[in-house]
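Read through the structure below, which is laid out as C-alpha cells, and then see the notes.
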Amino acid sequence: MYVYDAFDRKLVTERVNDFRDQVARRLSGELTEEEFKPLRLMNGVYLQLHAYMLRIAIPYGTLSSLQLRQLARVARKYDRGYGHFTTRQNIQFHWIKLAELPDAMAELASVGMHGMQTSGNNVRNITTDQWAGVAPDEIADPRIWAELIRQHVTLHPEFSFMPRKFKIAVGASHHDRAALRIHDLALRLHRNAAGETGFEVMVGGGLGRTPYLALTIKPFLPTRDVLSYVEAVLRTYNQFGRRDNIWKARIKILVHDLGAETFAKEVDTEWQSIKDGALALDRAVVTEIAGRFRYPAYEKLDDSPKELAQARHDDRRFDAWVKNCVTNHKVPGYAIVTLSLKPEGGTPGDATAAQMDEIAGLADRYSFGEIRVGHEQNLVLPHIAQRDLPALWRALDAIGLALPNVNSITDIISCPGLDYCSLANARSIPIAQEITRRFRDLDTQRELGRLHINISGCINACGHHHVGHIGILGVEKNGEEFYQITLGGKADENATLGTLIGPAVPFAQVADVVEDIAAAYLALRQRPDELFIDTVKRTGIEPFRERVYAAR
Amino acid sequence: MPLVENGQVVPDRYVYVGEDEPIPDRVPVIVPAKRFLDNADALIGRDGSLGVAWPNDRRVAELAPWLGHLALVALQFPKFRDGRAYSQARLLRETYGFGGTLRATGDVLRDQFQFLVRAGFNSFEVRKPADAGVFAEAVRRYSVFYQASADGSVPAQRRRLQRTAAGDP
C-alpha cells in the first residue's frame, strides 16, 4: 500500500473544496455548462445519458480494505448500490446527482481517494501491473515510479489544458500485464547490459478511431531522468499536438505525422535543456516515496502446503478454481488470487456494495487488507497464504466470486456502451451477457482455453476491442446497432491490433458469430494446447471469415 | 476587460497597436509578433516600454534574442482549453530567463488563475469582472503542490525531505 501523508491529504481536501465552489457556481448559473465542463471533467465528472457519472482513480490499481468499504458506502448512499470497475484501474458510479457530488467526493477524500484527472485533457490515472510488488517476474515494484509520476503530473501548472487526454502506464516485468503499447506514453523498467535499471520509453499508442501501437523512442532512460523526460514529452505534445480536430489531437497522431525519429529528436532537444535541473531525481526522493509503500509482514511459509494438495484432491471444483484463479507469488507459501467480476449474465466489471464489503472483509482476514484492480475489470487479492486458499475459496464461492473463468471466453472486457454512455453507438453489456450465457458451460470454456473478448460500444474503444483476441465494435447503421468483428488482437508484450473479418453483423447475430469463431478454432487448431490467438496467427483470418460468412 | 497585476485590478499602461497603426512615442505599447520581428531593431531603439503579443502557435525561441529589450510579452489563450501558452510561459521564464511582465490574454478565467501564476504569468487580462474581483482568493485555493513552479512554491517532495531531515515523523 502507498500511505498518504499530510501533504497528499491536504491537496485532496483542497480539491474537494475547489470543486464544491465550482458546482455552486454552476448551479447558480455563474458558470455556463461550456465553462463548467472542463472543470468537472478534471474531477472525473461526466454527463451521461441518464445522470452524472463520477470516475474515481485507483492509482496503480491498489486499494485498501478501508477504501473499498468507502466505495461501497458511496455506492449505497449516492448511487444505486453498485460500481463499475473500468479498463483503466478506475471505478465509475453512474447515477450520481450533481448537487451531491461534492459530498460524495468529500467522503472519498477522507480515505485518500479522488477523481482528479480521471477525465479531461490532462494526464490521467497512471496505470500499472495489477500484480505489482507481488509478481515473481518483476525486477522492481513499478508503483514507486507510477506514484512519482502521479505526483508530478497532478494539477501540473503546464499540462492541465493539453490538446487531449494523456494516458501513462508503467510496467516492470517481462510479461506485460499493463497493456503498455496502447498508451500515449509507456515506461517499461528493465536492466541494461551493465545491470543498471532504466526505462524503455514508448510513445504514441492508443486505440480509438486511429489505432496505433506505441513506438520506442528511447530504449534505455536512466531512472533519475524519468520526470524530466516525461516533462519533455508532455511539453512537446502540449505545444505541437493538433488542436483543430478532436479526432487528431492525441499524441499518437503527432508522433506518426512527424515520424518517431523526428518526434524523439524534438523531445530530446527539450530534455537536454532540463534534464539536469530540478527534475533530476536524487536517491533520497525515490527512497522517500518507496518508503511509503508498505509491504505485508509475510510469514515464513513453504510453497505447496499439504492441506492445499489434500483439498485440491478432495474437491474438483476447488481444484478447478486453483488452476484458473490462483497465480504464483514472489514470496514462498503465498499466492495471488483473481476474483472474476464476470458472472453469467452479468455486467463485466460491476460489483455491488455488498460484494465490495465482503471482499474488504476477506482482504482483512486473508490478504493483509489489500485489494487490486486490473485492466481486465477483475479484482485481485494479492497476498494469500496458500494454506488459506481452501477457506478463502469457500467464502468466495458463497458470494459468487469464485468463478473459474479468468482469461476464458466469458472473461469479457467491455465498456458500459449505450446503456449508459452518451458517446456510444451501440450496446455492449447485453452482447457480453449473451456470450456468457452461450458459453456458460465450464468444460466448454476450458476446452477453448485462453481467449479474450473485448467489446466497445463505439469507435472510442474504451473496451479495447482492437486488442481483443476477438474484438467486437458497435457501430450504427441506419439507426440500427451493428457490430464489426476483429480477430488476432492482443495487448501483451507482443501487442498486435486485430484484423477485421468482414461486414458488420446485426445485434441479434453477434453471439452466433462468436460461436462460429469458437467452433472454427476447435476445428483448426493443431493441438489442444494451441491457443486461439496462436491459431489465428498461424492460419490468418481467412478460415474464420469463411466459417462466419458462409451461412450469412 | 479588467487587468489584474499584483492581485489587484489596475489600469493598463500599455496600448495595443495593430499591424499598420502609427506607434505613439513614450507610451508603453504592445505590438503584434510579425510587426515586431520585421522592425525589431527600430522598435527596441524607441523611447518607451515595449511589449510583444506572441501567438500560441509560434515557437518562443524566435523571441529569445530580443527578450532583454522587452518589458512585456503577451501570450494568448484563444479558448481557455487551449493551453499552449502555459508551455510558452515556462519556456520564457525558465529556459530563456525572461524577467519582464508575462501577460495572459484571451479567455482568461478564474479557474485558471493559479495554474497561470504557477506557470510564470504575472499580468492577467481577465474576461469576467467578477473573476477579477476574486483573483487574490482564487490563487490561494491550493496550498500544497507536487511541482516546483514560478510562484516559488516548494514541492511536497522537498518539504517531506526537509521534514525527515529535521527529525519530524
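One table, with the values for the structure above:
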| item | result |
| --- | --- |
| Subset of the stretch B:128-139 [buried (at least 19 other Cβ atoms within 10 Å of the Cβ) and at the interface with chain A (Cβ under 10 Å from one of its Cβ atoms)] | B:131, B:138 |
| Residue check for residue B:150: farther than 27 Å from residue A:228 by Cβ and facing chain A (nearest Cβ under 10 Å) | no |
| Unmet requirement for residue B:82, which otherwise passes all of (1) under 29 Å from residue B:154 (Cβ atoms); (2) surrounded by fewer than 23 Cβ atoms within 10 Å (Cβ to Cβ) | (1) |
| Out of A:240, A:199, sole residue that is in contact with a strand residue (DSSP E or B) (Cβ under 9 Å, 6 or more places away or on another chain) and either among the aromatic types (Phe, Trp, Tyr) or not assigned by TED's automatic domain parsing to the domain that holds residue A:160 (or both) | A:199 |
| Counted residues, the stretch A:526-545 - those being closer than 19 Å to residue A:408 by Cα and not in a helix (DSSP H, G or I) | 5 |
| Members of the stretch A:274-283 that are surrounded by 13 or more Cβ atoms within 10 Å (Cβ to Cβ) and either out of contact with any helix residue (DSSP H, G or I) (no Cβ under 6 Å at 6 or more places or on another chain) or within 10 Å of chain B (Cβ to nearest Cβ) (or both) | A:274, A:278, A:279, A:281 |
| Odd one out for residue B:142, checked against (1) of a type outside the set (Val, Ile, Thr); (2) more than 27 Å from residue B:41 (Cβ to Cβ); (3) more than 10 Å from every other protein chain (Cβ to nearest Cβ) | (3) |
| Qualifying positions in the stretch B:140-156 - closer than 14 Å to residue A:13 by Cα and crowded, with 18+ Cβ neighbours inside 10 Å | B:144, B:145 |
| Looking only at the stretch B:85-117, and only at residues there that are more than 14 Å from chain A (Cβ to nearest Cβ) and within 23 Å of residue B:130 (Cβ to Cβ), the one that is surrounded by the fewest Cβ atoms within 10 Å (Cβ to Cβ) | B:105 |
| Residue that is outside any loop (DSSP other than H, G, I, E, B), not charged (D, E, K, R) and not assigned by TED's automatic domain parsing to the domain that holds residue A:368, where the choices are A:221, A:279 | A:221 |
| Number of the exception - residue A:208 against (1) surrounded by fewer than 19 Cβ atoms within 10 Å (Cβ to Cβ); (2) on the phi < 0 side of the Ramachandran plot | (2) |
| Residues within the stretch A:165-180 that are surrounded by fewer than 24 Cβ atoms within 10 Å (Cβ to Cβ) and either among the hydroxyl-bearing types (Ser, Thr, Tyr) or touching a Lys or Arg at 6+ places or on another chain (Cβ under 6 Å) (or both), tallied | 3 |
| Residues being touching a helix residue (DSSP H, G or I) at 6+ places or on another chain (Cβ under 7 Å) and not basic (Lys, Arg) - total across the stretch A:483-498 | 10 |
| Unique residue being charged (D, E, K, R), surrounded by 23 or more Cβ atoms within 10 Å (Cβ to Cβ) and over 18 Å from the mean Cα position of the chain (by Cα) when the list is A:158, A:138 | A:158 |
| Test: residue in the stretch A:89-100 that is among the polar types (S, T, N, Q), surrounded by 20 or more Cβ atoms within 10 Å (Cβ to Cβ) and out of contact with any Gly (no Cβ under 7 Å at 6 or more places or on another chain) | yes |
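Here's the yes/no breakdown for (1) of a type in the set (Gly, Ala, Ser); (2) part of a helix (DSSP H, G or I); (3) modelled with pLDDT under 95:
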position	(1), (2), (3)
B:1	no, no, yes
B:13	no, no, no
B:20	no, no, yes
B:23	no, no, yes
B:31	no, no, no
B:66	no, yes, no
B:74	yes, no, no
B:80	no, no, yes
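The values are calculated or read from the model by the stated rules, or taken from the named source; none is laboratory data. Small disclaimer: the values here were computed from a predicted structure and weren't measured. When we count neighbours, we look across all protein chains shown, and the Cβ atoms used for this are built from the backbone with ideal geometry, even at glycine.
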